[in-house]
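Read through the structure below, which is laid out as structure tokens, and then see the notes.
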Amino acid sequence: MGSEVTESAVAVAESGQGARVSIKAVPRHVAIIMDGNGRWAKRRFLPRIEGHRNGAKSVRMLVEECRRLGIRYLTLFAFSTENWRRPQDEVGGLMSLFVQHLESELELLLKNGIRLRAMGDTSRLPAAVREMLRRNEERTKDMTGMDLILAVSYGGRDELVQAARKMAVAAKAGQLDPASITEESFAQHLYLPDVPDPDLMIRTSDETRISNFLLWQLAYAEIVVSPVLWPDFSRDEFHRCLDVFAGRNRRFGLTQEQLQGA
Ligand code: IPE
Ligand code: IPE
Ligand code: MG
């Protein structure tokens, strides 16, 4: 893929339920499990936190590249609900890095028309991180070029449980009829209901797990695994992943014949 993005003609298929399905070469929403920072550091006999520090450079490259390519949503898995169980010094170091980069990258977001949004159980975050997230969300809320979604203190199961809890409360109060719950109405109770599901999910460092990321939203995402450790993830490697995605045949449960006839 060169620097110019040409969206292939949009093929629209009509499923039995009338749901519209569109197939494009360029993903509208890319989600990334940024993995391999610790191994990157270990190979260099450095403390793990140096891996995280160097991973920030890949984030900057990726954000700028996605914006340039016209990718409308980028979700980055920065810290999982399970990551709270890591050694305290690593967790503390990561929290400091979040504050530092949220502070320094606000200008980059504003300059590029990027809206920052957080998803996750932010109540568990140190106040400094929470406040910096809130500040950047507030300052960038009118930006329409791209949504940069940071999954921090995020767990897919946690998200589903809090959605179920909200609905149970509404049902108990007599405001929700359990029989009326649909996939669409359920999805309205997830963290960011207006964001479309990811088309492409990339995981780096050769791991082939989902690790509790976007369990609901990844239902039909194309998964591409990159062997590169996150701090070494380059623009060329990102383009290679986009090429793999462009070559995939997304069928959404339909047959090839149905898709061709549409
Ligand atoms: C990903 O890198 C970053 C976070 C989970 C915060 P890791 O820290 O998981 O790196 P590895 O998997 O140990 O190499
Ligand atoms: C997933 O990576 C979480 C993030 C990248 C933030 P992990 O390194 O925590 O996942 P596992 O433990 O290998 O499954
Ligand atoms: Mg890891």
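The values are calculated or read from the model by the stated rules, or taken from the named source; none is laboratory data. Computed from a predicted structure; not experimentally measured. FYI the Cβ positions are ideal-geometry reconstructions off the backbone, even for glycines, and counts take in every protein chain you see. For the accessible areas, the whole protein counts, side chains as well, though only heavy atoms, and no ligand, DNA or RNA atoms are used. Shrake-Rupley method; radii C 1.70, N 1.55, O 1.52, S 1.80 Å.
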Pulled fully out, how much extra length does the chain show between ASP194 and SER180, if you take 0.36 nm times their separation in residues and subtract their Cα-Cα distance? 3.0 nm
Identify the chymotrypsin sites (Phe, Trp or Tyr not before Pro) of the range 44-84 meeting these criteria: DSSP loop state and at most 15 other C-beta atoms within 10 Å of the C-beta. PHE45
Pairwise over distinct Cα atoms, reciprocal of the mean inverse distance: report the Kirkwood radius of the chain in Å, one decimal place. 19.7 Å
For the chain, the charge dipole (Cβ of Lys, Arg +1; Cβ of Asp, Glu -1; about the Cα centre) points to a positive end, and the Cα of GLN88, VAL224, VAL152 closest to that extreme belongs to GLN88
Within straight cross-link reach of LYS42, meaning Cα distance under 21 Å, which lysines are found once same-chain residues fewer than 8 apart are removed? LYS57
Any idea what the dipole of the range 155-261 comes to, in debye rounded to 20, about its Cα centre with Lys/Arg Cβ at +1 and Asp/Glu Cβ at -1? 300 debye
Which lysines have a Cα lying under 21 Å from the Cα of LYS141, excluding residues fewer than 8 positions away in the same chain? LYS111
Give the relative contact order (percent, whole number) for the chain; include only Cα pairs under 8 Å separated by 6+ residues. 26 percent
Just the number, please: carbon plus sulfur as a percent of the accessible area of the range 133-194, 1.4 Å probe, no ligands or DNA/RNA counted. 54 percent
Can you work out the accessible area per residue across the range 199-245, with the rest of the protein chains kept in place, probe 1.4 Å, in square angstrom? 41 Å²
Return a whole-number percent for the relative contact order of the range 102-154, with Cα pairs under 8 Å and 6 or more residues apart as the contact set. 54 percent
Taking alpha-carbon centroids only, the range 168-197 lies from the range 220-234 a number of Å equal to 33 Å
Just the number, please: carbon plus sulfur as a percent of the accessible area of the range 42-92, 1.4 Å probe, no ligands or DNA/RNA counted. 51 percent
Given Cβ charges of +1 for Lys and Arg and -1 for Asp and Glu, the option among VAL99, LEU74, GLN162 whose Cα lies farthest towards the positive end of the dipole of the range 61-180 is GLN162
Could you compute Rg(Cα) / (2.2 N^0.38 Å) for the range 103-240, with N its residue count? 1.22
